[in-house]
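For reference, the structure is listed below as structure tokens.
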Amino acid sequence: MGVKIGAKFLEVPILQGGMGIGVSLERLAGSVAACGGMGTLSAAFCGFRESDFDTAPRSANLRALTRQVRRAKEIAGGAGLVAANVMVAAAQYADSVKTALRAGVDAVVCGAGLPRDLPALAEEAESNAAIAPVASSGRSAALICKLWDRHYRRVPDFVVLEGPLAGGHLGFSPEEAREAQAGCPKPLSGLLAEVLEALAPYRDKYGRDIPVFVAGGVKDGAEMGRYMAQGAAGAQFATRFIATEECDAAPGFKQALLDARQEDITIVQSPVGMPGRALRSPLIERVEAGTQPKIARCNRCLSACDCKTAPYCISKALIAAVNGDWENGLFFCGANAGDVNALSTVRAQMDQIMNEWRAAL
């Protein structure tokens, strides 16, 4: 049942997806790892609670990331794996990757862009941690393998395949994301087959497996088992872990998720330039109505964001959300958020997923 991830072994085939800003930090990631899974911290503006964040956000972020990684490992108590999710689109992408690696993470997962230089950053940090891209298709998985193989003689230690039903930033067009929400997605099983086929030549060349974890709209352990029967190593879950006692978000964020109905989930256009899936909060309604105030101050958190034209400040909106501010927050969530209706614990969620998987067998 376990999965070899680089030089380490993942006992339980469950990844907890990275959720930022601040939704998955040391408490959530460490608690998932303590249950034998891979808990993932989000590096996105993770220093937002530091006293000098407003005046020196970059140093605050890196300082906080180091502390959070070490604390998550302490909470894990030697069990599972602790990972960091770093967005390629982030202005501090390279520094965040190296900081997380030097702090001792077991893996770094990079999405929201093509992490073409991730092997070089790992080498610079003198780390043997696992490195992995987030892929949305066989084409993207093949491209990253081709680049890493050619320039670094390396391939991913694992791949996270994120389908169009995921929360947060999506590697699909708004139309594809809306079609998926309406029940007409390109099946995740089809994307899985594409990715496995794209990885096959590199598995053969390097003589080892490249595990693929499916993500985005995987409802339960039974679905995880179905994808595992089709070749996946396991699955990544995110939204369901928000409604846990250990989640690092404020109670107001958790309550917003618990109160959400399926019709409250919408596709938004992020200042990053990518579509995203989130709850229809007052912020989203103001953006759609054209009444959201212009950005007054920019911390340049995203390399692709232009504060002069961006409809809102995504870092400010995500910080408002993690603090439970319904009026001003951007509440990212997956397509099945409407099914989350009770507060739980990480242990209960992990046990439920695995029990569902065993029952489906």
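I need the Kirkwood Rh of the range 111-165: take the reciprocal of the average 1/r across all distinct C-alpha pairs and report it in angstrom. Display every interim value, and only then the final one.
Working: mean 1/r = 0.0869 Å⁻¹.
Kirkwood hydrodynamic radius for the range 111-165: 11.5 Å.
Mind checking the per residue accessible area of the range 75-215 for me, 1.4 Å probe, whole number of Å²?
On the way: 5530 Å² over 141 residues.
Computed with neighbouring chains in place, this is 39 Å² per residue.
For the range 1-151, what number results from the quotient of the Cα radius of gyration and 2.2 N^0.38 Å?
Numbers: Rg = 14.7 Å, N = 151, 2.2 N^0.38 = 14.8 Å.
Rounded to two decimals, the normalised Rg is 0.99.
Which percent, nearest 5, of DSSP beta bridges in the chain are antiparallel? Let's see the in-between values first.
Numbers: 12 of 40 bridges.
Around 30 percent antiparallel, to the nearest 5.
The range 1-83: D in µm²/s via Stokes-Einstein (Kirkwood Rh, Cα pairs, 37 °C, 0.692 mPa s)?
Details: Rh = 12.8 Å.
Roughly 256 µm²/s, to the nearest whole number.
Roughly how many whole Å is it from the C-alpha centroid of the range 244-292 to that of the range 46-117?
Measuring centre to centre over Cα atoms gives 24 Å.
If you count only protein heavy atoms and use a 1.4 Å probe, how large is the accessible surface of residue 46, to the nearest 10 Å²?
In the full protein context, residue 46 sits at about 10 Å².
Using only the C-alpha atoms of the chain, find the volume of their convex hull and express it per residue in Å³.
Working: hull volume 43.6 nm³, N = 361.
Taking only Cα atoms, the chain has a hull volume of 121 Å³ per residue.
With contacts defined as alpha carbon pairs under 8 Å and 6 or more residues apart, what's the relative contact order of the chain in percent? Mind showing how you got there, number by number?
Numbers: 805 pairs, mean separation 63.0, N = 361.
Relative contact order for the chain comes out at 17 percent.
Going down the table (254/316; 8/219; 146/205), which pairs top 21 Å between alpha carbons? Walk me through the numbers on the way to the answer.
Values: 254/316 18 Å; 8/219 27 Å; 146/205 12 Å.
In this structure, 8/219 exceed 21 Å between Cα atoms.
For the peptides 228-237, 16-25, what is the packing order when you average, over each peptide's residues, the other Cβ atoms within 10 Å and list the highest mean first?
On the way: 228-237: 21.4, 16-25: 28.5.
Packing proxy ranking, top to bottom: 16-25, 228-237.
In the full protein assembly as shown, how much of residue 151 is accessible to a 1.4 Å probe, in Å² to the nearest 10?
For residue 151, solvent-accessible area is about 120 Å².
The values are calculated or read from the model by the stated rules, or taken from the named source; none is laboratory data. Please read these numbers as outputs of a predicted model, since none were measured by experiment. Positions of Cβ are generated from backbone atoms using ideal geometry, with glycine treated the same way; all protein chains shown enter the neighbour counts. These accessible areas exclude ligands, DNA and RNA; they are computed on the full protein's heavy atoms, side chains included. Shrake-Rupley method; radii C 1.70, N 1.55, O 1.52, S 1.80 Å.
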